[in-house]
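J.: Before we start, here is the structure in question, set down as structure tokens.
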Amino acid sequence: MRLPIVAANWKMHKTPAEAAEFAQALVAPLLPFEGVERVICPPFIAIPAVAEALRGTPIKVGAQNVHQEPQGAYTGCISVPMLQGLVEYVIVGHSEVRQYLCETDAMINAKAKAILAGGLKPIIAVGESLAQREAGETVAFVGAQVRAALEGIPAEALPSIVIAYEPIWAIGTGRNASPEDANQTIKVAVRDVIAALYGEATAQQVRIQYGGSVKPENMADYMRMPEIDGALVGGASLKLNDFVALVRLAQEAKSG
Ligand code: PGA
């Protein structure tokens, strides 16, 4: 049984003070949902304040990106050693970082390795564009992203890896993939690909989230899908009641 994981990707929202206040306000309402791993990914600058606000609680902190090198002349970047002790998770491969910050599959692979080597856990985002979907290339494209991200990563590390399947056309658009469609893509383009690389038993241990316009109205339908182990949430994670509802719906759906 895989522990469901619901992660809030706050993107470029909230100052450190706003982030700390919001994180504090989330603690009590999120506490009862022990059947779900709860992760908050604030902007880098707010990570220390959020980590402090969540210290001693079961709610985890994540970063939204990282540089693959431990240090060096990389202006504006943050490394794994800088995040150690503050976060448990790091998102890599988000489509916005791939697009606006020119993150490549090779960089994502290097980042995933650096994250794992540093004792942290990567949330690796993959997903196809609308043009790729319409051309019938979804499975081939997403499968290739998964293979590239995992290149050279040993099987023992796989249980520490989360994959987030986020069709680009569904992110922030209000246009979400149907739960059946997301479930099927996750199965054939992610889990089966991992199974081909590492064997079925390992693939069964990897948690795979859906992301893209997840909200309280559609969460339960996603969470009822057997291949979907949680959600990576942007917009709805900025609304306290909505995010709490998403975690509750994940717990209800996955506990039977
Ligand atoms: P959204 O973003 O929930 O606002 O669609 C999801 C994401 O980018 O992770």
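J.: Taking the stretch 1-19 as the region of interest, how many residues are in contact with a Phe, Trp or Tyr (Cβ under 7 Å, 6 or more places away or on another chain) and surrounded by fewer than 16 Cβ atoms within 10 Å (Cβ to Cβ)?
T.: Final tally of qualifying residues: 0.
J.: Name the single residue, out of those in the stretch 159-182 being touching a Phe, Trp or Tyr at 6+ places or on another chain (Cβ under 8 Å) and not hydrophobic (A, V, I, L, M, F, W, C), that is farthest from the ligand (Cβ to nearest atom). Let's see the steps before the verdict.
T.: We begin by selecting, within the stretch 159-182, every residue touching a Phe, Trp or Tyr at 6+ places or on another chain (Cβ under 8 Å); these are 162, 164-166, 175, 177, 179, 182.
From what is left, the residues that are not hydrophobic (A, V, I, L, M, F, W, C) are 165-166, 175, 179.
Values: Y165: 11, E166: 6, R175: 9, P179: 15 Å.
The residue in question is P179.
J.: Here is a follow-up. If I filter the stretch 36-89 down to residues being assigned to a loop (DSSP other than H, G, I, E, B) and of a type in the set (D, E, K, R), which single residue comes out as nearest to A110 (Cα to Cα)? Full working, then the answer.
T.: Looking only at the stretch 36-89, we keep the residues that are assigned to a loop (DSSP other than H, G, I, E, B), and these are 36, 42-43, 55-59, 64-66, 68-78, 84-88.
From what is left, the residues that are of a type in the set (D, E, K, R) are 55, 69, 88.
On the way: R55: 29, E69: 9, E88: 18 Å.
The qualifying residue nearest to A110 (Cα to Cα) is E69.
J.: Can you tell me which of Q251, Q209 is within 17 Å of A7 (Cα to Cα), out of contact with any Pro (no Cβ under 7 Å at 6 or more places or on another chain) and within 13 Å of the ligand (Cβ to nearest atom)?
T.: Among Q251, Q209, only Q209 is within 17 Å of A7 (Cα to Cα), out of contact with any Pro (no Cβ under 7 Å at 6 or more places or on another chain) and within 13 Å of the ligand (Cβ to nearest atom).
J.: For C77, all conditions in the list (1) farther than 19 Å from K11 by Cα; (2) over 18 Å from the mean Cα position of the chain (by Cα); (3) among the hydrophobic types (A, V, I, L, M, F, W, C) hold save one; what is the number of the exception?
T.: Every condition holds for C77 apart from (1).
J.: Determine whether the stretch 37-47 contains at least one residue that is among the small types (G, A, S), away from the ligand (no atom under 16 Å from the Cβ) and surrounded by fewer than 18 Cβ atoms within 10 Å (Cβ to Cβ). Explain how you work it out, then say what you get.
T.: Our first condition is that a residue be among the small types (G, A, S); within the stretch 37-47, this holds for 46.
Now restrict to residues that are away from the ligand (no atom under 16 Å from the Cβ): 46.
Next, from what is left, pick out any that are surrounded by fewer than 18 Cβ atoms within 10 Å (Cβ to Cβ): none.
No.
J.: I'm trying to understand the selection: among the residues of the stretch 93-138, which are within 14 Å of the ligand (Cβ to nearest atom) and assigned to a strand (DSSP E or B)?
T.: Answer for the stretch 93-138, where residues must be within 14 Å of the ligand (Cβ to nearest atom) and assigned to a strand (DSSP E or B): I123, I124, A125, V126.
J.: Sticking with this one: Test each condition in (1) buried (at least 23 other Cβ atoms within 10 Å of the Cβ); (2) farther than 21 Å from G230 by Cβ; (3) within 15 Å of the ligand (Cβ to nearest atom); (4) among the hydrophobic types (A, V, I, L, M, F, W, C) for V80 and report the one that comes out false.
T.: (3)
J.: Right, something else. Would you mind stating whether I171 is aliphatic (A, V, I, L, M), under 13 Å from V142 (Cα atoms), in contact with an Asp or Glu (Cβ under 8 Å, 6 or more places away or on another chain) and surrounded by 21 or more Cβ atoms within 10 Å (Cβ to Cβ)?
T.: Details: aliphatic (A, V, I, L, M): yes; under 13 Å from V142 (Cα atoms): no; in contact with an Asp or Glu (Cβ under 8 Å, 6 or more places away or on another chain): yes; surrounded by 21 or more Cβ atoms within 10 Å (Cβ to Cβ): yes.
So I171 does not fit the description; no.
J.: Which of the residues belonging to the stretch 197-222 are under 21 Å from V244 (Cβ atoms) and part of a loop (DSSP other than H, G, I, E, B)? Walk me through how you get there before you give the answer.
T.: Going through the stretch 197-222, the residues under 21 Å from V244 (Cβ atoms) turn out to be 207, 209-222.
If the condition is that a residue be under 21 Å from V244 (Cβ atoms) and part of a loop (DSSP other than H, G, I, E, B), then G212, S213, V214, K215 are the ones that fit.
J.: Within the stretch 229-248, count every residue that is assigned to a helix (DSSP H, G or I), near the ligand (Cβ under 9 Å from one of its atoms) and closer than 26 Å to Q205 by Cβ.
T.: Residues of the stretch 229-248 that are assigned to a helix (DSSP H, G or I), as a first pass: 235-238, 240-248.
Filter once more, so that each one left must be near the ligand (Cβ under 9 Å from one of its atoms): 235-238.
After this cut, where a residue has to be closer than 26 Å to Q205 by Cβ as well, the list is 237.
Here the count works out to 1.
Bear in mind these aren't lab numbers, they're just calculated from the coordinates by the rules spelled out. Keep in mind it's a predicted model, so treat the numbers as computed, not measured. Glycine also receives a Cβ, built like all others from the backbone with ideal geometry; neighbour counts cover every protein chain displayed.
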